[in-house]
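K.L.:
Got a structure here, written out as structure tokens. Questions coming.
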Amino acid sequence: MKTYFYERTAYKLSSEPVPDFFLRLDEHFENKLAYDQNVYAHPSVLLAESVCGRMADVEMYAFLLEDVRKRNSLQRSEDEKAAVLTRSFLLGFLAAAKALLDSCAVALATLYQLPINRSDRTFSSGDFWHQLVLIAPAVHRRYHPLRLFFGEVGRWPAETVYRIPPLVVLQGQYGHLPGREAQLKVADDGSMELPQMAKDPYRVNWIDPLELYTRWKPRLLALCEKVCQDIEAMT
């Protein structure tokens, strides 16, 4: 019997299709796990639902980022409202992306029984990578090329003060009443201090928040698929 772990996530509430690799993993559970009332608490099922749930959260916040532009009227007075909501939803998106990475790291640490503290079960921990290469070198080779990407995802929520600056900074570049698209932008580089950004906003590389989703989604899905393969192999 299938566990349908993906239906206990935000995918249940979304029109976004569940990625095929999650469905295939549940087919594996159906074939490998004996059905009883405790099957839903099997460690592999718990890890699968955790990873799937966080990916579904990423998709949900991306939907909200896009939807807020459609649901608020195009009247000038609504532009600032759309910008404020976009900033709030972007914070949720960034937190969900970071939580997804943490969920994947916990899954690997659990599957391969890495002898590390709970605080080190994260892709930002050097001890995590050290133990992974010692215990499962082939697994380490599959994930190590993603470390730069993991670093990028981790920096965004750590630098939200600078990457999602006050709206007045954007008004300094685009005028006191900038258009909606201008007010939705965020900084792709978190190295500038706020006073410097306000004084010289033209030096900032402004991007649409949805560009992050476009940039990150393929790699986040690829990461989830890799983790699903590991869960399957260890179940």
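The values are calculated or read from the model by the stated rules, or taken from the named source; none is laboratory data. Model, not experiment: these values are computed from the prediction. Note that we place each Cβ from the backbone using ideal geometry, even for glycine, and neighbour counts take in every protein chain shown.
K.L.:
Filtering segment 90-124 down to residues that are surrounded by fewer than 17 Cβ atoms within 10 Å (Cβ to Cβ) and without any contact (Cβ under 8 Å) to a residue 12 or more places away in the chain, which residue is farthest from GLU211 (Cα to Cα)?
P.N.:
ASN117
K.L.:
When you go through (1) out of contact with any Lys or Arg (no Cβ under 7 Å at 6 or more places or on another chain); (2) surrounded by 20 or more Cβ atoms within 10 Å (Cβ to Cβ); (3) not aliphatic (A, V, I, L, M) one by one for GLU49, which number turns out not to apply?
P.N.:
Failed condition: (1).
K.L.:
Okay, moving on. Picking from PRO165, PRO178, which residue would you name as being surrounded by 13 or more Cβ atoms within 10 Å (Cβ to Cβ), closer than 18 Å to PHE93 by Cα and modelled with pLDDT under 95? Even if it seems obvious, please write down each step before you answer.
P.N.:
Details: PRO178 fails: closer than 18 Å to PHE93 by Cα.
The unique qualifying residue is PRO165.
K.L.:
So, one more: Please state which one of LEU223, LEU184, LEU210 is under 27 Å from MET55 (Cα atoms), at pLDDT below 90 and surrounded by 14 or more Cβ atoms within 10 Å (Cβ to Cβ).
P.N.:
LEU184
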